[in-house]
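The values are calculated or read from the model by the stated rules, or taken from the named source; none is laboratory data. These figures come from a predicted structure and were not determined experimentally. Don't worry about glycine lacking a Cβ; one is built from the backbone with ideal geometry, like all the others, and counts go over all protein chains shown. Note: areas computed on protein heavy atoms with side chains; ligands, DNA, RNA excluded. Shrake-Rupley method; radii C 1.70, N 1.55, O 1.52, S 1.80 Å.
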Amino acid sequence: MVLSPADKTNVKSTWDKIGGHAGEYGGEALERTFASFPTTKTYFPHFDLSHGSAQVKAHGKKVADALTNAVAHMDDLPGALSALSDLHAYKLRVDPVNFKLLSHCLLVTLACHHPAEFTPAVHASLDKFFSAVSTVLTSKYR
Amino acid sequence: MSLTKAERTVILSMWDKISTQAEAIGTQALERLFASYPQTKTYFPHFDLHPGSAHLRVHGAKVVAALGEAVKSIDNIGGALAKLSELHAYILRVDPVNFKLLSHCLLVTVASHFPADFTADAHTAWDKFLSIVSCVLTEKYR
């Protein structure tokens, strides 16, 4: 699966629209993930996962920053995400299924906050982008 | 995800044996697929799906032959299966979930035919190989 020029445009313009809210949305997406898919909580036994938790907010910002970096390097995701890919492969070992769940929650969060921009075409581009990122993050598992 | 040298060697050496029973293995994998996962039958309304049917034997042979092409070009599976990739993307549109199901059934079939060869390492090699093939066949979907 390859991101078309139109996909890249859609992702970039969405990210521009998000602006400084990326961190906040990252936190919200995580909260949605833990609420809808409680199995994902097993990866965070060391976190306070209650609503409004500072740890979740901080982690949401980390995830968002990594995605912002990915947006800036859409032509070389493996390169840009290499260190994160190693981290997920050798330390975190998050089951690949969970990337789909978080991606879904990111899309829902974006749709909630930017309904007008979240057209079917933009939705599809973002979904492809998150798929591409997920693939890179699980590419070194074996 | 890519195949290590060792994994390539395993696949190439096992392929010699597998290709001598191509039709039997392909047919059995499909029979297992339709038996364990009846929803996959929806892609074959035009087939006689009774075990041993001519349709199944011909199609099973086709599937294994295509895998053979991928094995022959194991360093460029994308190139070898480009046409099949387009077929699946624009005409067949098999939901990607089903590739995992067929891969599973192929592994079970190969394991049952060659138990001595199907070590844990061989299993991993074949699972990775079929994952790569599945990725190639679904990469042009969108």
Scanning the range B:28-80 residue by residue, those surrounded by 14 or more Cβ atoms within 10 Å (Cβ to Cβ), assigned to a loop (DSSP other than H, G, I, E, B) and in contact with a helix residue (DSSP H, G or I) (Cβ under 6 Å, 6 or more places away or on another chain) turn out to be B:37, B:47, B:49, B:74
Residues of the range A:105-124 being under 20 Å from residue A:21 (Cα atoms), in a helix (DSSP H, G or I) and either touching a residue at least 60 places away in the same chain (Cβ under 8 Å) or more than 15 Å from the chain's Cα centre (by Cα) (or both), in sequence order, are A:105, A:106, A:108, A:109, A:110, A:112, A:113, A:122
Result of the Cβ filter at 7 Å on the range A:76-100, keeping first residues that are touching a residue at least 40 places away in the same chain (Cβ under 8 Å) and partners that are open to solvent by 60 Å² or more (accessible area, probe 1.4 Å), at least 6 apart or interchain, is A:85/A:140; A:86/A:140; A:89/A:140; A:89/A:141; A:94/A:43
For the range A:86-142 the number of residues that are within 14 Å of another protein chain (Cβ to nearest Cβ) and β-branched (Val, Ile, Thr) is 5
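Any chance the range A:71-79 includes a residue that's outside any helix (DSSP H, G or I) and of a type in the set (Asp, Glu)?
no
Filter the range A:55-74 down to the residues that are open to solvent by 80 Å² or more (accessible area, probe 1.4 Å) and free of Cβ contacts under 8 Å to residues at least 12 places away in the same chain and list them by number.
A:73
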A careful count of residues in the range A:126-142 that are outside any loop (DSSP other than H, G, I, E, B) and open to solvent by 30 Å² or more (accessible area, probe 1.4 Å) gives 3
Flagged in the range B:111-129 as within 24 Å of residue B:5 (Cβ to Cβ), more than 13 Å from chain A (Cβ to nearest Cβ) and open to solvent by 10 Å² or more (accessible area, probe 1.4 Å), in numbering order, are B:111, B:114, B:116, B:117, B:118, B:119
